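K.L.:
This is the structure I want to talk about, given as structure tokens.
The values are calculated or read from the model by the stated rules, or taken from the named source; none is laboratory data. Note that the structure is predicted; figures quoted are calculated from it, not measured. Counting neighbours? That spans all protein chains shown, and the Cβs are built from the backbone with ideal geometry, glycine included. With ligands, DNA and RNA removed, areas are computed over all heavy atoms of the protein, side chains included. Shrake-Rupley method; radii C 1.70, N 1.55, O 1.52, S 1.80 Å.
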Amino acid sequence: MTTKNGTRRAGKPKMWVVLFSILGAALTFSEVSWAQSASQAGQEQSQQPAQTQQGIPDAPSTVQPPTEAPEPAVPAKPEEKKPVERDPWTNQPINKIPPNPVPAADDSTPPPPMPPVKTLPPGSVKKPNPKSEEQLYTLVVHTNFVQVPVTVKYHDGRMVDGLEPSDFTVMENGVKQKLTFFSSDPFALSVAIVLDLGMSDDAVQRVNQTFSALVGSFAPYDEVALYTYSSTVSEVQDFAAANQKMLALLNQMRNIRGENNGPAVLSGPLAPNGPIVNGMPVGSPTEPVYTPPKESHVLNDAILKAALDLSKRPRTRRKMILVISDGREYGSKAGYKDVLRLLLSNEIQVKAVAVEDAAIPVYRRIERFHLPHEEIGDILPKYTSATGGGTPYSELTRSAIEDIYAQAMSESRNQYTLGYTPAKPKVPTAAYRNIEVLVDRPGLKIYAKDGYYAAPAAR
């Protein structure tokens, strides 16, 4: 405490001094306690072995432990040499490239570009000549392969089996041809039936009774179409299997009537003229002359229609037209030569069942003398002979017609098939070429087509 004159005198200490003194004593006590606990912990740690400490590596020591003796090395086995693979032709070793690991597909990176493919070293191929390119469009190729179905029979009508290719000789325009194909296996048939409804009613009804035998003459793998004709041609059924459906269709045709071939009425009350008084027509000074109208029998048109449809069938089938008719032809738009050309160009064979007058031998001989602008009655033998179908079957009874169906199908299906490629002609044309088939056995009847029309040269 200070007096007025500046001297200090002793007095009571202040409160903050006392507080600082107590705080200093507490800090000193805590430092001493911490130092004692640290020294005690160091002593306990020094007494524990070093192995109990985990996670703390030992300090490096200057004293090295004794080294153990190395184990004796095991000698390695000599590597076996694999035989070298060599090319069997050049005897050169084949270098095998180990397969490279396929990297994982990465959609983000585009694939590397393809290297250029070179099959020949550059400069080894000559440049194309412009003249050689023009020759490609003028190259002539001959592709005429001639197929000839042949039927061989004894004189009694039985077919001859067991013939070999060496038994046949084929002549084309007088030149012997080399056979390159021969078969006696049966063929599937594509048959177009052409039925004449212009015959007499008696003949039509006799044919109608044979429809069940007609359907039964076909095999399950055959196909049949049906056409009728008189003054016009009608297609009744397209090509299909000969089954109960076809038989039902044919049975419906039994109600169709033929013609009544009575004498033409030219006079009397039923005549086509008007009223007559004292033998003279009313209103006419002279008696007119009436002639009966000419009936059309378009046989050529019917065969043409069937041939056009058959030309679209596969060549693996044997194509045939079976005509059931009296053979009369009049009023067709197509001529015989044009229809025959189509038949021979498409390898179509015609067989015929001659009914009514055409089945009489004497009538057939008389019909060969044809008068201009009159009916033709001998046209069926022309078609059958030229196409290899043989002579028409001439029968008058119902049972005989039924037997003809099975015989006709069997002969067409089991014919011998000859094939050859004719030599290249000097001038390739589409002209008609004659064919003659000979068999090296006497006393046999041979039925084959008379010739064919060569296809034009392909360019």
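K.L.:
Looking at (1) open to solvent by 70 Å² or more (accessible area, probe 1.4 Å); (2) of a type in the set (S, T, N, Q); (3) at pLDDT below 90, find the lone condition where T429 falls short.
P.N.:
(1)
K.L.:
Search segment 161-186 for residues that are open to solvent by 50 Å² or more (accessible area, probe 1.4 Å) and pair each with any residue that is outside any helix (DSSP H, G or I) and basic (K, R) when their beta-carbon atoms are under 6 Å apart and the residues are at least 6 apart or on different chains.
P.N.:
Taking only residues 6 or more apart or on different chains, the pairs are N173/R433.
K.L.:
Output the helices (runs of 4 or more DSSP H) that fall wholly within segment 193-271 and possess 1 or more residues being modelled with pLDDT under 90 and not hydrophobic (A, V, I, L, M, F, W, C), or say none.
P.N.:
Values: elements: 201-208, 211-216, 244-252.
Where helices (runs of 4 or more DSSP H) fall fully within segment 193-271 and carry at least 1 residues being modelled with pLDDT under 90 and not hydrophobic (A, V, I, L, M, F, W, C), they are 201-208, 244-252.
Here's the yes/no breakdown for (1) open to solvent by less than 10 Å² (accessible area, probe 1.4 Å); (2) modelled with pLDDT of 90 or more:
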position: L340; (1), (2): no, yes
position: I379; (1), (2): yes, no
position: E395; (1), (2): no, no
position: R398; (1), (2): no, no
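K.L.:
Which of the residues spanning segment 187-215 are of a type in the set (G, A, S) and free of Cβ contacts under 8 Å to residues at least 40 places away in the same chain?
P.N.:
S212
K.L.:
Output the number of the condition that T169 fails; it satisfies all remaining conditions of (1) in contact with a Lys or Arg (Cβ under 9 Å, 6 or more places away or on another chain); (2) part of a loop (DSSP other than H, G, I, E, B).
P.N.:
(2)
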